[in-house]
Amino acid sequence: MASFNAMPRIMAAVLIGILFSLVSCVQDGMSQQQAGQAIPETKAAEVPDGLTANLNVTGYSQYIWRGLELSKDSLVIFPSITMGYKGFAVNLWADLDTNFNNPLPLPGRTGEFKIQETDLTVTYANSIQPLKTGFTFGWIFYDTDGFYGRRPTDNQELFLTLAPELPLNPTFSIYSEVQIATAWYFSLGLSHSFRVHKEWSLDVGGQAGYYYSKQEAFSSLHDANLSAGLKIPVSKHMAITPKMHYSFPLNSSAANRIKSLSFNRDHNQFFYGGIVFDYNIP
């Protein structure tokens with residue numbers, strides 16, 4: 001029987017197989033339309049009503065998570081696949097580090113291409129109509145190789161995100177660790193899109209976080225992240241987005257924590273960016 005630690009990789013294989021099957025169905029239908037052929041009226045060749053899929057691949061100059069720098073002098077690649085059905089969704093996300101440099105190296109764990117982290121996320125999303133507020137409730141399982149040799153490799157969180165229908169699309173999220181420690185992370189985000197050319201859009205956003213940890217005796221505003229991306233649709237289903245970020249601490253105590261836990265150990269502010277490839281079905 002497969003161990004629980006192997007489940008994210010097993011789920012990834014299953015979901016990728018399902019996604020490629022859906023992509024094949026869509027491409028077959030498009031090919032028949034372009035050739036002027038009648039598409040057979042059969043449910044087997046169609047995406048079931050309510051089923052959605054997303055394949056996302058991002059290449060970034062750094063891996064920054066809640067203000068912490070979790071890569072060093074390397075290209076990081078984040079493949080992600082999501083399957084959704086009528087509000088429920090399952091996501092697999094991975095961190096592929098092309099030149100992993102752990103500040104507290106373990107034997108054979110530096111200077112190599114490796115899958116540093118695999119996350120499994122299960123969510124349910126809906127809306128509270130009288131309040132015109134969307135919500136997402138979810139569970140995240142983090143399977144990492146251990147960013148530091150002294151730390152456990154697995155962790156779990158529960159989270160809730162609220163998204164009221166207001167200008168600047170505010171979102172408020174609460175994350176609670178349920179495995180390693182008593183810790184909470186609160187996040188407030190704002191975003192807006194500007195149409196700049198035909199279907200192209202300039203997407204800008206900002207996020208600020210508050211972190212509480214009983215074990216670290218830390219309770220303070222923590223980090224902020226500003227972003228800007230130019231979304232360029234290339235087809236009905238696919239878009240490419242060059243994107244830039246600026247991450248910085250919100251006070252001196254956060255600055256010291258971020259510096260001490262980041263791979264570089266010398267910085268607490270980071271400019272980074274890359275390109276996002278996004279494919280959606282339907």
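The values are calculated or read from the model by the stated rules, or taken from the named source; none is laboratory data. This is a predicted model, so every value here is computed, not measured. Cβ coordinates were reconstructed from backbone atoms using ideal geometry, including for glycine residues, and neighbour counts include every protein chain displayed.
One table, with the values for the structure above:
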| item | result |
| --- | --- |
| Condition broken by L221, with the remaining ones in (1) under 12 Å from F186 (Cα atoms); (2) over 18 Å from the mean Cα position of the chain (by Cα); (3) crowded, with 16+ Cβ neighbours inside 10 Å; (4) not basic (K, R) satisfied | (3) |
| Region 173-183 - residue that is modelled with pLDDT of 95 or more and surrounded by fewer than 16 Cβ atoms within 10 Å (Cβ to Cβ) and, of those, farthest from P130 (Cα to Cα) | S176 |
| Qualifying residue in region 266-273 (condition: modelled with pLDDT under 95 and out of contact with any helix residue (DSSP H, G or I) (no Cβ under 6 Å at 6 or more places or on another chain)) | yes |
| Those residues of region 194-238 which are of a type in the set (A, V, I, L, M, F, W, C), closer than 16 Å to V276 by Cα and part of a loop (DSSP other than H, G, I, E, B), in sequence order | V234 |
| Search result, residues across region 268-282 that are within 13 Å of I64 (Cβ to Cβ) and out of contact with any Lys or Arg (no Cβ under 7 Å at 6 or more places or on another chain) | Q269, F270, F271, Y272 |
| Any hit, region 188-195, residues being in contact with a strand residue (DSSP E or B) (Cβ under 9 Å, 6 or more places away or on another chain), without any contact (Cβ under 8 Å) to a residue 40 or more places away in the chain and crowded, with 16+ Cβ neighbours inside 10 Å | yes |
| Single condition S201 does not satisfy, out of (1) surrounded by 16 or more Cβ atoms within 10 Å (Cβ to Cβ); (2) closer than 23 Å to T241 by Cβ; (3) under 17 Å from the mean Cα position of the chain (by Cα); (4) not basic (K, R) | (3) |
| Failed condition for K259, given (1) within 23 Å of I77 (Cβ to Cβ); (2) assigned to a helix (DSSP H, G or I); (3) of a type in the set (D, E, K, R) | (1) |
| Complete set of residues in region 232-249 that are more than 22 Å from D203 (Cβ to Cβ) and either under 19 Å from the mean Cα position of the chain (by Cα) or surrounded by fewer than 17 Cβ atoms within 10 Å (Cβ to Cβ) (or both) | none |
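For every residue, the table says whether it meets (1) in contact with a Ser or Thr (Cβ under 9 Å, 6 or more places away or on another chain); (2) at pLDDT 95 or above; (3) among the aromatic types (F, W, Y).
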| residue | (1), (2), (3) |
| --- | --- |
| T118 | yes, no, no |
| G134 | yes, yes, no |
| F159 | yes, yes, yes |
| T171 | yes, yes, no |
